[in-house]
Amino acid sequence: MAADVVITPGMQKYIDKNNAYLAKRDAFIRDVVKKWKFDTIAVHGLYNVEEAIEDYQGSIIEPVFMSTSQAYRDSDEMAAALAYLIPTWCYSRIANPSTYYYEWTLALLEGYGFAGESSAVSTSSGIAAIMTAVQPFLVQTKKSGHEQRNFVATAQCYGGTFQQFKVRLEEERGIECRWVQDPTNLDEWLSKIDGNTRFLYGELPSNPGLGFFDIAKVAELAHAHGLPLICDATVATPALMRPICHGADIVVQSATKTLTSSGFGVCGALIARRNLVSNVPNPEMKKDFALYTKYLPNRDHGPNLHPLQAILALNDIRTLRSKVDMMSQSTMKVAQWLETHPMIESVQYLGLKNHPLHELASKYMWLVDSEFDPCYGGKKVNRYGHLMSFCVKGGAEKARKVFDGLQRIWRATDLGRIKSVATIPAISTHQQQGEEGRKLAGIPPNLIRLCVGGEHPDDTIGDLDQALAKAR
């Protein structure tokens, strides 16, 4: 709220009314929604029958609010709304009811099993979610002066993340990014932290190398230094891993990928625990990071999500758990087959028992609620997602021949699709970071990234087999 806002009796009437609404919604979350299983939350979120009948003519699917702005009853309601004293969607660059439904659902899914509270802010893409997550910690205040700000991040990350950190932040703004090459080594993390460090950042499983680290231990290290841990968990989704439950402060999702899988559009999200840890002197930001970024920095930067895309994404998320389970099982079968092929140098998939990070990944990556699924006999089961990569013997040219020989698997830079998609990161998603940057991230030129879709795995194997045969 702006310091010069005077609350009139008319404004107070709207504040009281909306406080009653928020109290009712909080009770519904606490007493009802938090007791649901993951799939029920994914299907319904906070949209309920009462709301549908009273406000939206009984629509069983959340409405798309294709409007640029909200109208108000009078000047008192407008003044209260624009001072953020009541829930509002004054302008769709800032908020919209459709994006609220999307945000509430993702906050509940990422916070599933978490004893505290979490909230979310939607963004127009995954890279916008990363920008939203890191920028508030990198501000310079009068109190902080002009110290050399820095942050620590895993070198194994998406190419767009590398560019944002290395070029946009370090080269253009002078904010140092300190890369961690072995994120399983806590001493390496520790060696890069000093009094000017603002946050720790890690992508897991990483794209495309399937890097991983111990979330709980890195979060503990971050908090011991008054820093937040930010995790990009795009590949796993909350169906397999929820970093907030293990101590992370913020999770970013490129919801374009596995969360939605349809490929109909680009979208992202940031989900944060409330009362997070930070050495930045901003109590409002720490209290509710997602809401703060939504109503203040993102209001001014403008990276928020279109309402139509919010509902399209929300509709895909309803079947998240079952899709991730199916595609994870298919990927395991494909990875096991590739391991035995004479033209394959190596296979990177966390589900393979001989992968050096298999045991660590198994500690965190579980199919949510699998213990309640009769298919699994009341036991929790590990699942490792549908992203993998493999290196072809014979170097970059041989890898290109295999790649060019694919017939059913799509050649594209995308991942997370219901259709299988492959790319060569060295010439696509990670091309711009250069040979030195790729070497830092462990991305050789003969590596093919494969995201296994919803097809029968035998057909995916068949396509790989004929492509490999052509390249001999």
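The values are calculated or read from the model by the stated rules, or taken from the named source; none is laboratory data. Keep in mind that this is a model prediction, so the values were computed, not measured. Using ideal geometry, Cβ is built from the backbone for each residue, glycine included, and neighbour counts are taken over all protein chains shown.
Number of residues in the range 194-251 that are under 24 Å from Phe390 (Cα atoms) and among the aliphatic types (A, V, I, L, M) equals 7. Those helices (runs of 4 or more DSSP H) of the range 311-428 in which 2 or more residues are under 20 Å from the mean Cα position of the chain (by Cα) occupy 320-339, 358-364.
Counting only residues that are assigned to a loop (DSSP other than H, G, I, E, B) and modelled with pLDDT under 95, the range 71-89 holds 7 of them. The residue that is nearest to the chain's Cα centre (by Cα), among those in the range 85-94 that are among the hydroxyl-bearing types (Ser, Thr, Tyr) and buried (at least 18 other Cβ atoms within 10 Å of the Cβ), is Ser92.
The condition (being in contact with a Ser or Thr (Cβ under 8 Å, 6 or more places away or on another chain), surrounded by fewer than 16 Cβ atoms within 10 Å (Cβ to Cβ) and closer than 30 Å to Trp366 by Cα) is satisfied by just one residue among Arg417, Arg411: Arg411.
Of all residues in the range 1-19, those satisfying the criterion of being farther than 11 Å from Ile86 by Cα and either of a type in the set (Phe, Trp, Tyr) or at pLDDT 90 or above (or both) are Val6, Ile7, Thr8, Pro9, Gly10. For the range 59-108, enumerate the residues that are among the basic types (Lys, Arg) and under 30 Å from Arg273 (Cβ atoms). Scanning the range 59-108 gives a single hit, Arg93. For beta carbons closer than 6 Å, sequence separation of 6+ or different chains, a first residue in the range 77-92 that is over 26 Å from Leu308 (Cβ atoms) and touching a residue at least 60 places away in the same chain (Cβ under 8 Å) and a second that is outside any loop (DSSP other than H, G, I, E, B) and not charged (D, E, K, R), the qualifying pairs are Glu77/Tyr14; Ala79/Met11; Ala80/Met11; Ala80/Tyr14; Ala80/Ile15; Leu85/Ile15. Among the residues of this structure, Phe213 does not count as one that is outside any loop (DSSP other than H, G, I, E, B), touching a residue at least 12 places away in the same chain (Cβ under 8 Å) and among the aromatic types (Phe, Trp, Tyr). The single residue among Ser362, Ser330 that is touching an Asp or Glu at 6+ places or on another chain (Cβ under 9 Å) and in the same structural domain as Arg417 (by TED's automatic domain parsing) turns out to be Ser330. Residues considered: Glu339, Glu345, Glu284, Glu359. Of these, the only one that is surrounded by fewer than 17 Cβ atoms within 10 Å (Cβ to Cβ) and in contact with a helix residue (DSSP H, G or I) (Cβ under 7 Å, 6 or more places away or on another chain) is Glu284. The selection criterion, being at pLDDT below 95, under 26 Å from Ala313 (Cβ atoms) and either touching a Leu at 6+ places or on another chain (Cβ under 8 Å) or surrounded by 23 or more Cβ atoms within 10 Å (Cβ to Cβ) (or both), does not hold for Tyr201. If only residues of the range 439-448 that are buried (at least 20 other Cβ atoms within 10 Å of the Cβ) and touching a Gly at 6+ places or on another chain (Cβ under 9 Å) are counted, the one that is modelled with the lowest pLDDT is Ala441. Just to check your reading of the model, which residue among Thr132, Thr184 is modelled with pLDDT of 95 or more and outside any loop (DSSP other than H, G, I, E, B)? None of the other options fit; the residue is Thr132.
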